[in-house]
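Here the structure is laid out as structure tokens; the discussion comes afterwards.
The values are calculated or read from the model by the stated rules, or taken from the named source; none is laboratory data. On a predicted model such as this, the values are computed, not experimentally measured, just so you know. With ligands, DNA and RNA removed, areas are computed over all heavy atoms of the protein, side chains included. Shrake-Rupley method; radii C 1.70, N 1.55, O 1.52, S 1.80 Å.
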Amino acid sequence: TGSDIIIDGADPRGILYGVGRLLRNLDWRRGYLKLVAPLNVSSSPDNSIRGHQLGYRNMANSYDAWTPAMYDQYIRELAIFGVNDIENIPFQDSESPLMPVTRQAMNRALGNICKKYGVDYWVWTPTNVDLTDPEKRATHLAMNEAFYKESSHLDAVFFPGGDPGHNHPKDVLAFLEDTSTLLAKYHPETEIWMSLQGFDEERIEFFFDWITEHKPTWFSGVVGGRAALCSCCRQACRR
């Protein structure tokens, strides 16, 4: 009533989205603030996953020069506009000479920032090593486990079937099953997702037959998308 403003949400993240809705409806200038029109609404998002990929790596056009404070502001502002998950690229690609902190330090920072704002923290962790090579497979598993161990907050792991990576799904699914065991040691509620990028008809059929037969409890879902212009290589990629 009067000049009172009530913002309510199902959880702290919902309240943050309510604040964002209010800010986007304000006429806001230096020394002047006005609500353009009455704002008495109750709403819910159309999509349950509304993510944004931020890759702190050498291939990025600008992210590699950002500080943790800059990421904090950017993620906060994305949340104000309704984003509810951030997808990091923790170790694919090399380090950049512009990086103000190490990738390891930024990986920890991004997880903590997401936790602070109630934003889900995803990671995109492909493999371009031959998973039929026992030594390379073990090394890659150890690298993933080290990341899980040092992460204070992690909601989902996304493994692309290709782009990069050319392993058969029989090897990918076995690798992810072992990954799920390691992940559960540190983050038992974290989900594992996978895409079918680069799979031909035989591999796609194998994947769905395997999922139907085994019904793995550690598997959360399949990531799908459409063709888009990739920001890193400027080629048409399947997202």
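Hey, could you pull the Cα Rg and Dmax for the stretch 110-169, both in Å?
Rg, Dmax (Cα atoms, Å): 13.5, 41.
In what order, largest first, do D163, D171, D46, D85 sit by accessible area if the probe radius is 1.4 Å?
Values: D163 70, D171 35, D46 150, D85 10 Å².
The ordering from most to least exposed comes out as D46, D163, D171, D85.
For the stretch 130-230, what is the largest minus smallest coordinate of the Cα atoms on each principal axis, given in angstrom and ordered from greatest to least?
37, 33, 29
Taking the Cα atoms of the stretch 30-144, report the difference between the largest and smallest coordinate on each principal axis, in whole Å and largest first.
63, 32, 22
Mind checking which lysines have their C-alpha under 29 Å from K185, skipping anything on the same chain fewer than 8 residues away?
The reachable lysines, counting only those whose Cα sits under 29 Å from K185, are K115, K116, K136, K149, K170, K215.
Out of the total accessible area of the stretch 1-141 (probe 1.4 Å, heavy atoms of protein only), what percent is carbon and sulfur? Mind showing how you got there, number by number?
Numbers: 4420 of 8520 Å².
Result for the stretch 1-141: 52 percent of the exposed heavy-atom area is carbon or sulfur.
Looking at the chain only, what percent of DSSP beta bridges run antiparallel? Nearest 5 please. Kindly include the intermediate steps, with their values, before the conclusion.
Values: 7 of 27 bridges.
The antiparallel fraction comes to roughly 25 percent.
If I stretch the segment between N61 and K185 completely, what's the gain in nm (0.36 nm per residue apart, minus their alpha carbon distance), one decimal? Mind dumping the intermediate values first?
Working: separation 124, 0.36 × 124 = 44.64 nm, distance 3.52 nm.
Additional length available on full extension: 41.1 nm.
Send over a whole-number figure in Å² for the accessible area per residue of the stretch 1-86, probe 1.4 Å.
Values: 5970 Å² over 86 residues.
Solvent-accessible surface per residue comes out at 69 Å².
When only C-alpha pairs under 8 Å and at least 6 residues apart count, what is the relative contact order of the stretch 1-155, in percent? Intermediate values should be presented prior to the final figure.
Numbers: 184 pairs, mean separation 31.9, N = 155.
It comes to 21 percent, rounded to a whole number.
Quick one: among E191, E95, E87, which has the greatest mean-square fluctuation in a GNM of the chain with alpha-carbon springs under 10 angstrom?
E95
Report, in deg cm²/dmol and to the nearest 500, the calculated mean residue ellipticity at 222 nm for the chain, where each DSSP H run with n ≥ 4 adds -39500 (n - 2.57) and the sum is divided by the residue count.
On the way: 6 runs with 90 residues, N = 239.
Roughly -12500 deg cm²/dmol at 222 nm, from the helical runs in the chain.
Summarise the long-distance tail of P(r) for the stretch 15-57 by giving the % of C-alpha pairs beyond 14 Å.
Values: 584 of 903 pairs.
Distances greater than 14 Å cover 65 percent of the Cα pairs.
For the chain, what number results from the quotient of the Cα radius of gyration and 2.2 N^0.38 Å? Before the final figure, lay out each step's value.
Details: Rg = 20.4 Å, N = 239, 2.2 N^0.38 = 17.6 Å.
Normalised Rg, Cα atoms only: 1.16.
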